[in-house]
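The values are calculated or read from the model by the stated rules, or taken from the named source; none is laboratory data. Source: prediction; values computed, not measured. Cβ: placed from backbone, ideal geometry, glycine included. Neighbour counts: every protein chain shown.
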Amino acid sequence: MKILLPGSLPLAPALPEGVEAVRYDVAAPVPEEHLDAEALVVWGNAPADLRAVAGRMPRLRWVQTLAAGPDAVLSAGFPDDVVVTSGVGLHDRPVTEHALALVLALLRRLPAALAAQAEHRWADELGGLQPLHPEGAVTTLLDAQVLVWGFGNIGQNLAPLLQALGAQVRGVGRSAGERSGFPVVSEDRLEAELEHTDVLVMILPATEATTHALDAARLAALPQHALVVNVGRGSTVDEPALVAALTEGRIAGAALDVTEVEPLPADSPLWDAPNLLLTPHAAGGRPVGADELVAANVAALLADRELRNVVAR
């Protein structure tokens, strides 16, 4: 069996005897001499390069993407009998760190502090004696109402940290109930939940159903003091509606790690939107446990067992 490993990270999975591992350059299509591979691991590949080989690997049985969201692989056009597995679980801790950093940066007004620093101005309005809960603003996680929209692995990893800092956390999912000890409301209750949300954290995948899920109407449902953080996919936010809400002061601030078009064009209105913090898709990018996942799925494939993180197609 031949498995192709991306050269975009130092993968070294423990593979059974007889499995040939070949490293390939993700900045180009898979070389002709390796189109006979039975397994392909994907990380950082250009969508066009995936499409270029999707129908040209006759022995391919399995594609493993190390991304939590498999949208790039699913849209590439691999045959239906090719098993696709995702990197769900590999990014829980790195993305959780970044999401928490963005939430705290907005709450503790770090963008305003950096702007004052650039002006060489000691910003008295940001320091000194401060009310814990100022009128019309949220500046702490203590007693804050935090709504995590997309309460999968990352959301359930983030929620206890927010709670430990004093937040009241609830999730939004496809169905209501309880996950990891936190209440989860169904998506048909979203608008009602938004009305009393201080901080909205979005960790949604890119699907047809989630395209511009945070639209003008849902932004309008948020309180004026609300903060929005998106560490999911850029397509889930209606960016013109977000810019309008920030410009008109209908929400207090936002932080985006992802945008609908990446890299973000230099002429995008997002760059100059007030009270908006942008990071360049930096939350993930460093899968934790990739070797173990690849090794486990290779063993499962050879033994004709169910693979981990199989994506429904």
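For this structure, a couple of remarks:
- Among the residues of segment 265-295, the ones that are at pLDDT below 95 and charged (D, E, K, R) come to 1 in all.
- Residue in segment 199-219 that is farther than 29 Å from SER75 by Cα and touching a Gly at 6+ places or on another chain (Cβ under 6 Å) present: no
- Among the residues of segment 292-308, those identified as under 16 Å from ALA67 (Cβ atoms) and either more than 28 Å from the chain's Cα centre (by Cα) or outside any loop (DSSP other than H, G, I, E, B) (or both) are LEU293, VAL294, ASN297.
- For HIS91, the criteria (1) touching a Pro at 6+ places or on another chain (Cβ under 7 Å); (2) of a type outside the set (Asp, Glu); (3) closer than 25 Å to LEU246 by Cβ hold in every case but one, which is (3).
- Taken together, the residues in segment 212-242 that are crowded, with 19+ Cβ neighbours inside 10 Å and of a type outside the set (D, E, K, R) amount to 15.
- Residue match in segment 46-56 (condition: surrounded by 20 or more Cβ atoms within 10 Å (Cβ to Cβ), under 20 Å from the mean Cα position of the chain (by Cα) and either more than 30 Å from PRO29 (Cβ to Cβ) or outside the structural domain of ALA164 (by TED's automatic domain parsing) (or both)): no
- Taken over segment 218-274, the criterion of being in contact (Cβ under 8 Å) with a residue 40 or more places away in the chain and either more than 17 Å from LEU102 (Cα to Cα) or not assigned by TED's automatic domain parsing to the domain that holds GLU191 (or both) is satisfied by GLN224 alone.
- Filtered by the rule that a residue be under 14 Å from LEU50 (Cβ atoms) and either outside any loop (DSSP other than H, G, I, E, B) or touching a Pro at 6+ places or on another chain (Cβ under 7 Å) (or both), segment 7-33 gives TYR24, VAL26.
- Test: residue in segment 127-143 that is under 16 Å from ASP92 (Cβ atoms), surrounded by 13 or more Cβ atoms within 10 Å (Cβ to Cβ) and at pLDDT 95 or above: no
- Taken over segment 35-94, residues that are hydrophobic (A, V, I, L, M, F, W, C) and in a strand (DSSP E or B) amount to 8.
- Residue satisfying all of: in segment 172-204; outside any helix (DSSP H, G or I) and among the acidic types (Asp, Glu); surrounded by the most Cβ atoms within 10 Å (Cβ to Cβ) among these: ASP198
- Only a single criterion out of (1) touching a residue at least 12 places away in the same chain (Cβ under 8 Å); (2) on the phi < 0 side of the Ramachandran plot is not satisfied by ALA48, namely (1).
- Considering segment 229-254, and only residues there that are of a type in the set (A, V, I, L, M, F, W, C) and outside any helix (DSSP H, G or I), the residue that is nearest to the chain's Cα centre (by Cα) turns out to be VAL231.
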